[in-house]
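The block underneath contains the structure these notes are about, expressed in structure tokens.
Throughout, read-outs are computed from the coordinates displayed, never taken from laboratory work. Note that the structure is predicted; figures quoted are calculated from it, not measured. Here the Cβ is made from the backbone with ideal geometry for all residues, glycine too, and neighbour counts use every protein chain on show.
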Amino acid sequence: MAVDAPLVIANQTGAREADRLVTRARFHGHRLMLFMANRSFFEKTYGGIRGEVLSTKIKASVLNQLSKPIHFDFVAQDGKSVLVETFPTGIYCGLFPELYPAPYKIKGRLPYKESHDNLHKILRRLCALEDDFDMTGIKDHFDIEGQSIKRKDHKHIEDKLDAFLSAYGLFAIYKEKATAHCFGEIHDGFITIPVSKT
């Protein structure tokens with residue numbers, strides 16, 4: 001299971017080594033910017049470490065339902081259930097370099113029309129995956145061709161897209177369509193970003 005949130009944060013302040021390593025790396029010639037996670041910020045802003053809370057709940061649920069533990073790891077392993085921390089912007093860059101960088105999130109000074117048009121571009125590309133792979137249901141969730149995305153719905157679609165990219169990134173690694181680029185250490189913070197082989 002891929003999670004778009006820091007799962008392990010050992011540092012009280014500053015940045016995790018995994019975060020630093022990602023910002024120094026290049027993916028199809030691009031550098032990525034990401035949030036530098038530390039415990040102090042999360043505790044002050046959210047009252048706790050969201051990834052830790054989520055992973056504890058997931059681990060308990062898996063153990064209750066499957067009677068087997070789930071572990072943190074960089075990639076899925078045969079016979080083991082794993083939780084992987086990933087980063088949707090990295091997945092976007094790593095798997096769809098022909099589209100990147102085309103920001104699809106409403107942020108800062110980016111005109112809404114530009115983020116709207118970019119969101120349409122990546123959603124069209126994801127719908128094409130249904131034809132390229134043995135996958136179904138993508139078009140049911142993301143086929144908005146010819147429709148205008150209202151500003152109030154944009155954030156909801158962004159969140160759905162991030163969740164899909166997180167899951168699809170692990171799927172692409174599993175299907176050997178992408179290589180896992182792994183950063184950091186399991187015990188103090190780690191991130192896996194899939195990068196296409198083409």
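For the stretch 75-134, the C-alpha radius of gyration sits at 1.42 times the compact-globule guess of 2.2 N^0.38 Å, with N the residue count. Residue order for Y174, Y100, Y46, fewest other beta carbons within 10 angstrom first, comes to Y46, Y174, Y100.
Residue by residue, the stretch 161-178 carries 3J(HN,Hα) couplings of 5, 4, 5, 5, 4, 4, 5, 5, x, 5, 4, 5, 5, 4, 7, 6, 8, 9 Hz when phi is fed to the Karplus relation 6.51 cos²θ - 1.76 cosθ + 1.60 (θ = phi - 60°); x denotes Gly or Pro.
From the helices alone, meaning DSSP H stretches of at least four residues, give me the mean residue ellipticity at 222 nm for the chain, per-run term -39500 (n - 2.57), in deg cm²/dmol to the nearest 500. Kindly include the intermediate steps, with their values, before the conclusion.
Values: 7 runs with 91 residues, N = 198.
Mean residue ellipticity at 222 nm (helix-derived): -14500 deg cm²/dmol.
Remark: D78, D162 ranked as D78, D162, counting other beta-carbon atoms within 10 Å and listing the fewest first.
Given the pairs K44/K175; K107/K139; K80/K197; K44/K152, which are separated by over 30 angstrom at their Cα positions?
On the way: K44/K175 40 Å; K107/K139 26 Å; K80/K197 25 Å; K44/K152 28 Å.
With Cα atoms farther than 30 Å apart: K44/K175.
Which value, in debye to the nearest 20, describes the size of the charge dipole of the stretch 11-155 about its Cα centre when Lys and Arg Cβ atoms bear +1, Asp and Glu Cβ atoms bear -1, and nothing else is charged? Value, rounded to 20: 840 debye. The alpha carbons of the stretch 2-196 give a radius of gyration and a Dmax of 17.2, 49 Å, in that order.
The stretch 143-198 and the stretch 78-102 have Cα centres spaced 4 Å apart. Backbone phi angles across the stretch 37-50, fed through the Karplus curve with coefficients 6.51, -1.76 and 1.60 (θ = phi - 60°), yield HN-Hα couplings of 7, 8, 5, 4, 4, 5, 5, 6, 7, 10, x, x, 9, 4 Hz in residue order; Gly and Pro are listed as x. Once you've got the GNM for the chain with C-alpha springs shorter than 10 Å, pick whichever of V84, V75, V62 has the biggest mean-square fluctuation. In this elastic network of the chain, the residue with the biggest mean-square fluctuation among V84, V75, V62 is V62. Of all the options R39, R124, R151, the one that moves most in a Gaussian network model of the chain with Cα springs shorter than 10 angstrom is R151.
For a Förster distance of 30 Å, can you work out the FRET efficiency between the beta-carbons of L99 and K152, rounded to the nearest 0.05? The partial results should precede the final answer.
Working: r = 25 Å, r/R0 = 0.82.
Here the calculated transfer efficiency is 0.75.
The relative contact order of the chain comes to 30 percent, based on Cα pairs under 8 Å that sit 6 or more residues apart.
Of L63, L34, the sequence from fewest to most neighbouring Cβ atoms within 10 angstrom is L63, L34. The GNM of the chain, with springs linking C-alpha atoms under 10 angstrom apart, assigns the highest mean-square fluctuation among F87, F41, F164 to F41. Across the stretch 97-198, Cα-Cα pairs more than 24 Å apart make up 30 percent of the total. Rounded to whole numbers, the Karplus 3J(HN,Hα) couplings from phi for the stretch 111-123 are x, 4, 4, 5, 5, 4, 5, 5, 4, 4, 4, 6, 5 Hz, using 6.51 cos²θ - 1.76 cosθ + 1.60 with θ = phi - 60°, and x at Gly and Pro. Distant-in-sequence amide contacts of A2, defined by a placed amide H-H separation under 5 Å and a gap of 5 or more residues or a different chain, comprise V84.
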